[in-house]
Amino acid sequence: MSHPFKNNCPPPKDVFCPSGASEAPPGPVYQASSHYIHRKVADMDVLISVGGNIANFNGYIELNPSASLLWETLAQPKTAAELAAALQSAYGIAPEQARADVQEFLELLVQHEMVVAP
Amino acid sequence: MTSETPAIPPGAQRLAEMPRRIPVNGTFELTVRCNLHCKMCLFRHADSENARLLAEEMTADEWIEMARQAARAGTVNLLITGGEPLLRPDFCEIWEGVYQQGFLITLYTNATLVTPKVMETLRRYPPHKIGVTIYGASPETYRKVCGDAATFARTIAGIHQLQTLPSVLEFRTTIIKDNYADADAIDELVQREFGKEFRVTQARMVTKAVRGACADVESCRLDPEDNVRLAFRRGINLIKQYVGDRYDERNLLLEHVNVSEDDAFQPRLTLFGCDAGMRDYVISWDGQLLGCQMLGVFHTDARGQGFHTAWERFPLEVKLPPVNNTCLSCKSRNICNCCYASRYAETGFLDGLPDYVCKDTSILQAMYDRGESKHGKNEL
């Protein structure tokens with residue numbers, strides 16, 4: 001994932017914090033858009049643009065392994081923290097690296113309307 | 001082989017020596033029935049066979065399951081074709097179920113059966129590409145070619161409907177004696193009616209009908225001289241559109257460029273000399289897996305055995321004779337369009353000499369030769 005950082009993530013949703021809770025708000029929740037179907041083709045993972053979305057993008061996107069993992073994780077609603085945890089668990093990378101990679105990945109998905117707020 | 005050597009299952013060694021084959025490009029031939037009766041159709045069966053065809057066609061559930069298995073095996077590009085696929089009353093059900101497996105999907109249709117129900121389905125599940133055929137520029141030409149003058153208006157109306165979809169739209173035609181006079185008019189009609197950005201792709205050569213189809217192609221296809229002349233003229237028209245006033249026919253060059261050794265493709269092992277059966281396949285209307293829609297003599301039973309087994313075992317069914325010596329030694333072999341499928345279609349033999357193709361090619365070769373001898377370089 002080599003795209004430059006763009007500070008255009010959606011604002012956090014209002015999250016209820018019980019009084020006395022010491023945890024930080026979980027942050028925005030994301031889910032993979034149904035406008036793409038994830039396919040495994042030979043040794044590749046691809047996203048096929050389908051439905052009305054082909055008016056915006058008529059083709060497919062190739063995913064590298066970490067992007068494929070994140071996309072599969074986004075089949076269910078997930079926060080950025082949960083996605084970073086999935087990357088850490090799979091690749092053993094430092095938390096800071098995982099958070100930065102997820103941030104970059106989500107910015108790309110948001111920019112291209114590939115994730116939805118469930 | 002000693003008595004201790006385990007027997008090798010038949011075909012296993014042959015399969016083990018095959019390069020990796022992935023069924024990336026699929027074609028689902030939903031039916032070989034059609035509501036048009038085009039004189040030159042390669043695939044349409046006679047209406048008298050309809051009862052048998054209807055009884056033996058794959059069901060909607062079978063097509064959807066086949067799509068699921070094909071996706072699992074690695075198919076990305078899928079063509080839905082016929083005959084005329086919209087002729088199936090369960091087309092919408094098939095389309096929705098196949099679409100949801102996730103392919104880059106193309107629909108081939110004659111556009112005469114685009115009903116509101118079909119449009120509703122295609123709006124929800126639009127093809128990535130639609131290929132429409134157009135065989136004339138008037139009702140009279142449609143009567144001569146397709147057997148029904150009224151289908152001309154239905155074709156135009158249907159294409160207008162399909163054009164509202166976000167799909168890429170492509171136009172295709174086949175020119176025979178009956179619509180030869182309309183060859184340019186078809187291009188003009190498409191651009192006038194649907195947009196100047198569209199071009200009409202014309203079949204370069206019409207071979208005899210295949211796999212039990214009923215068309216008497218020999219009686220209606222162009223003579224080889226007209227076939228080459230038309231292909232050449234269409235090519236010139238395309239050049240004129242691109243270069244405009246700079247076009248100068250007196251200095252037109254016809255040049256055949258031989259691929260240099262450095263640029264030559266790396267040799268690769270295939271079944272037929274193309275991607276058929278290596279990356280490409282067809283599931284026929286009755287569930288057989290073929291390498292190519294033109295060649296039905298080699299097939300495996302995808303309907304009975306499942307897609308995966310049918311795909312894996314397909315190479316074992318392919319038994320080809322050596323290419324005949326005439327083709328091997330022909331000086332025009334580098335510009336010839338023949339293949340095993342066209343040889344079989346034209347002669348009934350995989351190693352036959354396709355006379356029609358030979359004549360077409362020899363005319364093209366003569367054009368190259370005239371250019372070289374006349375001016376010492378390749379000029380027309």
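The values are calculated or read from the model by the stated rules, or taken from the named source; none is laboratory data. Being a predicted model, the structure only gives us computed values, none of them experimental. Virtual Cβ from ideal backbone geometry, glycine too; neighbours counted across all protein chains shown. Protein only, heavy atoms only, side chains kept; ligands, DNA and RNA dropped before computing areas. Shrake-Rupley method; radii C 1.70, N 1.55, O 1.52, S 1.80 Å.
Listed conditions (1) touching a residue at least 40 places away in the same chain (Cβ under 8 Å); (2) more than 14 Å from every other protein chain (Cβ to nearest Cβ); (3) more than 17 Å from B:ILE156 (Cα to Cα) are all met by B:LYS117, apart from (1). The residues of region B:156-170 that are surrounded by fewer than 20 Cβ atoms within 10 Å (Cβ to Cβ) and either free of Cβ contacts under 8 Å to residues at least 12 places away in the same chain or assigned to a loop (DSSP other than H, G, I, E, B) (or both), listed by number, are B:GLN163, B:THR164, B:LEU165, B:PRO166. Among the conditions (1) outside any helix (DSSP H, G or I); (2) open to solvent by less than 50 Å² (accessible area, probe 1.4 Å); (3) over 21 Å from B:ASP280 (Cβ atoms), the only one that B:ASN50 does not satisfy is (1). Considering A:SER49, A:SER89, A:SER68, the condition of being more than 28 Å from B:LEU104 (Cβ to Cβ), under 18 Å from the mean Cα position of the chain (by Cα) and either hydroxyl-bearing (Ser, Thr, Tyr) or within 13 Å of chain B (Cβ to nearest Cβ) (or both) is satisfied by A:SER89 alone. Of all residues in region B:291-307, those satisfying the criterion of being farther than 17 Å from B:ILE22 by Cβ and either polar (S, T, N, Q) or free of Cβ contacts under 8 Å to residues at least 24 places away in the same chain (or both) are B:GLN293, B:PHE298, B:HIS299, B:ASP301, B:GLY304, B:GLN305.
A single entry from B:ALA137, B:ALA153 fulfils the requirement of being surrounded by fewer than 19 Cβ atoms within 10 Å (Cβ to Cβ) and more than 14 Å from chain A (Cβ to nearest Cβ): B:ALA153. Step by step: first the residues of region B:235-249, then only those that are acidic (Asp, Glu) and more than 19 Å from B:LYS196 (Cβ to Cβ), then the one that is modelled with the lowest pLDDT. Which residue is that? My answer is B:GLU249.
Filtering region B:22-76 to residues that are under 21 Å from the mean Cα position of the chain (by Cα) and within 14 Å of another protein chain (Cβ to nearest Cβ) leaves B:ILE22, B:PRO23, B:VAL24, B:ASN25, B:GLY26, B:ALA67, B:ALA70, B:THR75, B:VAL76.
Being in contact with a Phe, Trp or Tyr (Cβ under 8 Å, 6 or more places away or on another chain), away from chain A (no Cβ under 11 Å) and of a type in the set (D, E, K, R) is true of B:GLU96. Only residues that are closer than 30 Å to B:VAL76 by Cα and under 23 Å from the mean Cα position of the chain (by Cα) were counted in region B:136-161, giving 3.
Checking the stated criteria, B:THR173 turns out to be open to solvent by less than 50 Å² (accessible area, probe 1.4 Å), of a type in the set (S, T, N, Q) and assigned by TED's automatic domain parsing to the domain that holds B:ASN50. With the structure loaded, tell me whether B:LEU122 is within 14 Å of another protein chain (Cβ to nearest Cβ), of a type in the set (A, V, I, L, M, F, W, C) and assigned to a strand (DSSP E or B) or whether it fails that test. Taking the combined requirement at face value, the residue does not satisfy it.
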